[in-house]
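Student: Before I ask anything, let me first share the structure, which is written out below as structure tokens.
The values are calculated or read from the model by the stated rules, or taken from the named source; none is laboratory data. Since we're looking at a predicted model, the values are computed, not measured. When we count neighbours, we look across all protein chains shown, and the Cβ atoms used for this are built from the backbone with ideal geometry, even at glycine.
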Amino acid sequence: MGCARPTVPTIGAEPELRIGLAAARPSVTLGGSEGGELILTDDATGQLIGSIPAGASWTVVPDPAGVRLLRPDGTTSEPHPGIFAVNVTEGRFAMADGRGYRGRLDLVRNTAGILLVNRVPVESYVASVIAAELGPRRPDELAALLAQAIVSRTFALRNRGRWEAEGLDAYADIRDQVYNGVASETPQAWDAVHATAGQVILYRGELIDAYFHSTCGYRTAGVEEAFKSAAARPYLRPVSDESGGGRYYCDLSPRFRWREEWDGPKLRAILSRTLPAVMNVGGDGLQPIADIEVSRTTPSGRVGELRIVFPRGDVRVPGPDVRNVLRPEADRALGSQTFQLHVTREGGRVTRVVAAGAGWGHGVGFCQWGAVGRARAGQDYRRIITAYFPGTTVERLY
């Protein structure tokens with residue numbers, strides 16, 4: 001007898017997501033020249049507070065009892081535990097601090113100021129995300145945009161409730177996926193969303209952890225190579241991105257190959273700041289650096305351990321920490337975990353280090369530039385997805 005086909009989870013109607021737009025604002029401006037009329041209600045009782053006419057704007061500020069409205073004429077409302085704002089003008093959007101959003105806006109006070117949340121349908125969220133993630137695409141690259149829509153939708157649904165303690169499903173930044181409301185939307189992105197509506201990626205009937213990144217460089221990474229606490233998953237194992245003839249699908253990426261360089265003083269200054277953040281190593285009193293080397297590589301060829309040698313011992317940095325330790329600049333992580341080091345030493349000290357690298361990002365799962373290359377090669381979105389997530393299927397949930 002054959003194995004029964006895994007049951008596809010059902011969600012029913014299109015879900016709504018709670019997206020954290022800001023978590024500590026001293027104030028938020030509602031309405032504005034691009035918005036329609038906003039109806040405001042108390043989010044505890046549902047009672048009508050008032051309406052902001054199209055083109056007008058009011059300000060929401062924290063209050064000991066919650067939040068309070070400041071009107072243009074200088075009057076203020078009584079405090080409310082929270083405020084819901086919804087647009088009621090056709091073709092316009094709810095505006096917050098000059099940016100338009102579909103769905104509803106929810107404003108409450110937290111310990112740091114105002115928490116601004118956009119309650120938005122999943123498909124509208126995905127349309128904004130994928131337009132920002134992949135940008136405009138040529139006709140022969142559209143399969144990559146379709147694939148990104150399914151990956152981003154799966155990521156969002158898999159992580160619903162991830163920030164439940166804050167009352168959120170996702171933040172609107174790189175902690176989850178970058179979301180800019182209607183400002184990011186394009187007709188091309190909406191076409192991709194409509195063409196894949198409700199479709200997600202499953203492994204044995206469960207939503208997958210749909211990791212994605214810019215450029216794998218030549219091969220994707222196993223999830224346990226890139227993230228300390230991650231357990232291995234069959235669909236997040238290393239996958240070759242070779243397209244044949246010594247070429248790779250993602251070699252059209254501007255970040256397919258890269259190079260970074262440090263002189264001795266700069267390297268020591270960087271490590272003085274970064275090592276204490278991830279390991280029990282002194283900062284200001286960091287010893288001179290005698291050597292630095294890749295002491296172990298992972299199954300996909302990435303750096304699995306970086307050894308930094310000092311006159312009185314050494315430090316071994318685990319692979320998942322390497323990008324944050326060996327930074328090109330204090331405010332910029334290393335491009336990827338895939339690189340070779342070329343070290344120059346004089347008088348027992350490192351005087352110059354060059355990293356020659358491949359790819360961009362953590363390298364796990366869906367390679368965005370590889371998807372573009374595969375689309376150009378004629379692969380459809382299902383084939384692209386299952387190439388980067390082996391053993392998975394694409395199914396429709398709603």
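Student: Within the stretch 196-235, take every residue that is without any contact (Cβ under 8 Å) to a residue 12 or more places away in the chain and out of contact with any helix residue (DSSP H, G or I) (no Cβ under 6 Å at 6 or more places or on another chain) and give me the one that is nearest to Thr338 (Cα to Cα). Let's see the steps before the verdict.
Tutor: Here is the first cut: in the stretch 196-235, the residues without any contact (Cβ under 8 Å) to a residue 12 or more places away in the chain are 224, 229-232.
Filter again for out of contact with any helix residue (DSSP H, G or I) (no Cβ under 6 Å at 6 or more places or on another chain), leaving 224, 229, 231.
Numbers: Glu224: 15, Ser229: 20, Ala231: 21 Å.
Looking at the filtered set, the residue picked out is Glu224.
Student: For the stretch 43-74, what are the residues that are assigned to a strand (DSSP E or B), crowded, with 18+ Cβ neighbours inside 10 Å and not β-branched (Val, Ile, Thr)?
Tutor: Result: Ser57, Trp58, Pro62, Gly66, Arg68, Leu69.
Student: Among the residues in the stretch 144-166, are any within 23 Å of Val86 (Cα to Cα), among the polar types (S, T, N, Q) and either free of Cβ contacts under 8 Å to residues at least 60 places away in the same chain or surrounded by fewer than 21 Cβ atoms within 10 Å (Cβ to Cβ) (or both)?
Tutor: No, there is no match, as no residue in the stretch 144-166 is within 23 Å of Val86 (Cα to Cα), among the polar types (S, T, N, Q) and either free of Cβ contacts under 8 Å to residues at least 60 places away in the same chain or surrounded by fewer than 21 Cβ atoms within 10 Å (Cβ to Cβ) (or both).
Student: Are any residues in the stretch 351-367 out of contact with any Ser or Thr (no Cβ under 7 Å at 6 or more places or on another chain) and not in a loop (DSSP other than H, G, I, E, B), and if so, which ones?
Tutor: Initial filter on the stretch 351-367 (out of contact with any Ser or Thr (no Cβ under 7 Å at 6 or more places or on another chain)): 353-356, 362, 366.
Once the filter is applied, which keeps residues that are out of contact with any Ser or Thr (no Cβ under 7 Å at 6 or more places or on another chain) and not in a loop (DSSP other than H, G, I, E, B), the stretch 351-367 yields Val353, Val354, Ala355, Ala356, Phe366.
Student: Under the condition of being of a type in the set (D, E, K, R) and assigned to a loop (DSSP other than H, G, I, E, B), which residue from the stretch 327-343 is farthest from Leu306 (Cα to Cα)? Lay out the reasoning, then the answer.
Tutor: Filtering the stretch 327-343 down to residues of a type in the set (D, E, K, R) leaves 327, 329, 331-332.
Imposing the further condition that a residue be assigned to a loop (DSSP other than H, G, I, E, B) reduces the set to 327, 331.
Details: Arg327: 13, Asp331: 20 Å.
Looking at the filtered set, the residue picked out is Asp331.
Student: Checking the structure you have, find out if any residue of the stretch 353-362 is surrounded by fewer than 18 Cβ atoms within 10 Å (Cβ to Cβ) and either basic (Lys, Arg) or in contact with a Gly (Cβ under 8 Å, 6 or more places away or on another chain) (or both).
Tutor: Step one: list which residues in the stretch 353-362 are surrounded by fewer than 18 Cβ atoms within 10 Å (Cβ to Cβ), which gives 354, 356.
From the residues that got through so far, the ones that are either basic (Lys, Arg) or in contact with a Gly (Cβ under 8 Å, 6 or more places away or on another chain) (or both) too are none.
Checked the stretch 353-362: no residue is surrounded by fewer than 18 Cβ atoms within 10 Å (Cβ to Cβ) and either basic (Lys, Arg) or in contact with a Gly (Cβ under 8 Å, 6 or more places away or on another chain) (or both).
Student: Return the only residue of Ala330, Ala355 being in contact with a Phe, Trp or Tyr (Cβ under 7 Å, 6 or more places away or on another chain) and of a type outside the set (Lys, Arg). So that I can check it myself, show each step before the final result.
Tutor: Numbers: Ala330 fails: in contact with a Phe, Trp or Tyr (Cβ under 7 Å, 6 or more places away or on another chain).
Among Ala330, Ala355, only Ala355 is in contact with a Phe, Trp or Tyr (Cβ under 7 Å, 6 or more places away or on another chain) and of a type outside the set (Lys, Arg).
Student: Residue check: is Asp314 charged (D, E, K, R), modelled with pLDDT under 95 and not in a strand (DSSP E or B)? Spell out the reasoning first.
Tutor: Numbers: charged (D, E, K, R): yes; modelled with pLDDT under 95: yes; not in a strand (DSSP E or B): no.
No.
Student: Of Gly391, Gly304, Gly370, which residue is closer than 19 Å to Thr215 by Cβ and either part of a helix (DSSP H, G or I) or not hydrophobic (A, V, I, L, M, F, W, C) (or both)? Walk me through how you get there before you give the answer.
Tutor: Details: Gly391 fails: closer than 19 Å to Thr215 by Cβ; Gly304 fails: closer than 19 Å to Thr215 by Cβ.
So the residue among Gly391, Gly304, Gly370 that is closer than 19 Å to Thr215 by Cβ and either part of a helix (DSSP H, G or I) or not hydrophobic (A, V, I, L, M, F, W, C) (or both) is Gly370.
Student: In addition: Give me the pairs: first residue in the stretch 237-259 and over 16 Å from Gly301 (Cβ atoms), second residue of a type in the set (Val, Ile, Thr) and not in a loop (DSSP other than H, G, I, E, B), beta-carbon distance under 6 Å, and six or more apart or on different chains, which are they?
Tutor: Partner pairs satisfying both residue conditions: Ser253/Thr215; Arg255/Thr215.
Student: How do the strands (runs of 3 or more DSSP E) wholly within the stretch 195-280 filter down when requiring 3 or more residues that are modelled with pLDDT of 95 or more and under 25 Å from the mean Cα position of the chain (by Cα): which remain? Let's see the steps before the verdict.
Tutor: Working: elements: 199-203, 242-244, 257-263.
Correct list: 199-203, 257-263.
Student: Then there is this: Looking only at the stretch 103-123, which residues are farther than 13 Å from Ala192 by Cβ and either β-branched (Val, Ile, Thr) or in a helix (DSSP H, G or I) (or both)?
Tutor: Kept after step one, since they are farther than 13 Å from Ala192 by Cβ, are these residues of the stretch 103-123: 103-122.
Within the stretch 103-123, Val108, Thr111, Ile114, Val117, Val120, Val122 meet the criteria.
Student: Taking the stretch 1-43 on its own, how many of its residues are at pLDDT 90 or above, under 30 Å from Arg204 (Cβ atoms) and either of a type in the set (D, E, K, R) or touching a helix residue (DSSP H, G or I) at 6+ places or on another chain (Cβ under 6 Å) (or both)?
Tutor: Count: 5.
Student: It is to be established whether one or more residues within the stretch 320-327 are at pLDDT 95 or above and touching an Asp or Glu at 6+ places or on another chain (Cβ under 7 Å).
Tutor: No, that holds for no residue.
A quick yes/no check of all residues on (1) crowded, with 24+ Cβ neighbours inside 10 Å; (2) hydrophobic (A, V, I, L, M, F, W, C); (3) under 20 Å from the mean Cα position of the chain (by Cα):
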site: Thr89; (1), (2), (3): no, no, no
site: Ala94; (1), (2), (3): yes, yes, no
site: Gly100; (1), (2), (3): no, no, no
site: Arg104; (1), (2), (3): no, no, no
site: Val108; (1), (2), (3): no, yes, no
site: Gly113; (1), (2), (3): no, no, no
site: Val117; (1), (2), (3): yes, yes, yes
site: Pro121; (1), (2), (3): no, no, yes
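Student: For residues in the stretch 341-352 being over 12 Å from Glu260 (Cα atoms) and charged (D, E, K, R), which is surrounded by the fewest Cβ atoms within 10 Å (Cβ to Cβ)?
Tutor: This residue is Glu346.
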